[in-house]
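One structure is given below, encoded as structure tokens.
The values are calculated or read from the model by the stated rules, or taken from the named source; none is laboratory data. In this text the structure is predicted, and so the values were computed from the model without any measurement. Note that we place each Cβ from the backbone using ideal geometry, even for glycine, and neighbour counts take in every protein chain shown.
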Amino acid sequence: MKTKLSALIIFAIITSTCYSQSKPIDFDYGRIENSKYLNSYFDFEITIPANWIIQNKEQMEKMAKAGMDMVIGDDANLKAAVKVSEINTTNLLVVNQYERGSAVEYNPGIVIVAENIKDYPGIKTGSDYLFQVRKLLNQSQVKYDYIDNESSREVISGIDFYKMNAGIVYMGIEIKQIYYSTVLKGFSFNVIISFINDEQKADLITAINSIKFKE
């Protein structure tokens, strides 16, 4: 299959994605209640780390544009791939530890993004999806220092996710990422965390472990 899916390469540095309106009529972008993000379409919730900053749609779109320019550069094929992906890809949640522009070495974050995969019948599991993500990351203008060659299975709230680690040194900072992916209701459902140290990672893993899907 041609690698024409996933705006996930935009997560390379800034952890963001694209907004689209090509969704089922009953699609739910979710809501925040008592430090939890809840989504009725995917029937799940996640507890947001205390005092972390939730990005609004305008902020996410600006971040996505900046990330696209940075990662894709002048590669016409990648530009076309992301253009196609914008039709089907929606961010559900972007949350960071600090406000944008804060005087910190790195701003760790969580991204939850869904991509409609109805045109990609070969993607049946999160492992299939991450295979395509890996190809795009390897083609991007920003070169990763490592990407797992294969994904590993991890059960989260009774759902089979697949996990992939990646890392890059950017402007002298070693940024680490973990991609979690599964397939739900005809969508690739993805959670990506980005961090630079064990303390940040621990907070993010706690958030991952707080995910609950309704039975």
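The residues of segment 97-118 that are surrounded by fewer than 23 Cβ atoms within 10 Å (Cβ to Cβ), touching a residue at least 40 places away in the same chain (Cβ under 8 Å) and not in a strand (DSSP E or B), listed by number, are Q97, Y98, E99, R100, E105, Y106, I117, K118. Looking at segment 130-169, which of the residues that are aliphatic (A, V, I, L, M) and within 25 Å of K185 (Cα to Cα) is surrounded by the fewest Cβ atoms within 10 Å (Cβ to Cβ)? Among them, the one singled out is V155. Here Y120 meets each of (1) aromatic (F, W, Y); (2) at pLDDT below 90; (3) touching a strand residue (DSSP E or B) at 6+ places or on another chain (Cβ under 8 Å) with one exception, condition (3).
Of the residues making up segment 1-47, those that are out of contact with any Phe, Trp or Tyr (no Cβ under 6 Å at 6 or more places or on another chain), modelled with pLDDT of 75 or more and closer than 22 Å to Y98 by Cα are R31, I32, E33, N34, S35, K36, Y37, L38, E45, T47. Of all residues assigned to segment 175-189, none qualifies as being surrounded by 12 or more Cβ atoms within 10 Å (Cβ to Cβ) and without any contact (Cβ under 8 Å) to a residue 12 or more places away in the chain.
The set of residues in segment 151-180 that are modelled with pLDDT under 95 and assigned to a loop (DSSP other than H, G, I, E, B) comprises M171, G172.
In segment 162-215, the qualifying residues are those that are of a type in the set (A, V, I, L, M) and within 14 Å of F42 (Cα to Cα), and the one that is nearest to the chain's Cα centre (by Cα) is V191.
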